[in-house]
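Encoded as structure tokens, the structure appears first; notes follow it.
The values are calculated or read from the model by the stated rules, or taken from the named source; none is laboratory data. All of these numbers come straight from a predicted model, not from anything done at the bench. Every residue, glycine among them, receives a Cβ derived from its backbone with ideal geometry; neighbour counts consider all protein chains shown.
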Amino acid sequence: MLKDDNRKRMLDKVIKQFNYEESSLLEILHKAQEFYGYLDKNLMTYISDELRLPPSHVVGVATFYSYFKLKAPGEHVVTGCLGTACYVKAVDEIMTAIEKEFNLKRGGSTPDGKLSLFTTRCIGACAMAPNIIVDDEVIGKATKEVVLERVRLTLAGGGRRR
Ligand code: FES
């Protein structure tokens with residue numbers, strides 16, 4: 001089951017825009033990776049259900065293209081929305097603070113593999129900008145302090161796990 005959040009709503013919108021057509025699978029996978037940072041089994045199963053395709057077909061397409069990431073490289077994932085509304089609300093500052101405190105770069109992971117940092121574009125929650133997603137939790141109107149504390153807690157084992 002895919003968690004019902006803004007990313008899922010955006011994905012549903014895209015799938016609908018493409019009219020649930022099998023021929024749009026590649027575009028849909030691109031969008032899904034843009035929203036989620038990577039395509040895990042859960043996400044691919046959801047897409048295969050929506051398009052009424054066998055899961056093996058979706059996995060086959062995703063594994064064929066090296067562009068697609070099939071799992072989160074880190075145990076925990078933080079994703080910052082770099083869409084316009086979030087950017088204007090200084091999401092970049094929060095991302096930089098995460099990079100500094102946890103010693104990693106956007107698109108990368110900490111050496112111990114505990115944390116990965118991704119970026120995405122508009123997740124459809126602009127009114128709550130800036131948005132940062134820690135694992136499955138979307139933190140709206142995020143501040144540096146709140147996000148850093150949430151990530152610290154998550155890494156200490158107190159956060160929600162994926
Ligand atoms: S720009 Fe971040 S939610 Fe729209």
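Quick notes on this structure:
- Summed over the stretch 84-105, the residues that are modelled with pLDDT under 95 and crowded, with 16+ Cβ neighbours inside 10 Å give a count of 1.
- Tally, over the stretch 8-39, of residues that are within 16 Å of the ligand (Cβ to nearest atom) and modelled with pLDDT under 90: 4
- Of the set (1) surrounded by 14 or more Cβ atoms within 10 Å (Cβ to Cβ); (2) under 16 Å from the mean Cα position of the chain (by Cα); (3) modelled with pLDDT under 95, all apply to residue 130 but (3).
- Residue 137 vs. criteria away from the ligand (no atom under 16 Å from the Cβ), farther than 30 Å from residue 56 by Cβ, in contact with a Lys or Arg (Cβ under 9 Å, 6 or more places away or on another chain) and not assigned by TED's automatic domain parsing to the domain that holds residue 44: no
- Scan of the stretch 103-131 for residues that are near the ligand (Cβ under 10 Å from one of its atoms) and closer than 22 Å to residue 12 by Cβ, ordered by number: 120, 121, 122, 123, 124, 125, 126, 127, 128, 129, 131
- Among the residues of the stretch 9-38, just one is basic (Lys, Arg) and touching a helix residue (DSSP H, G or I) at 6+ places or on another chain (Cβ under 8 Å), namely 31.
- The conditions of being under 18 Å from residue 30 (Cα atoms), at pLDDT 95 or above and either more than 16 Å from the ligand (Cβ to nearest atom) or aromatic (Phe, Trp, Tyr) (or both) are not met by residue 151.
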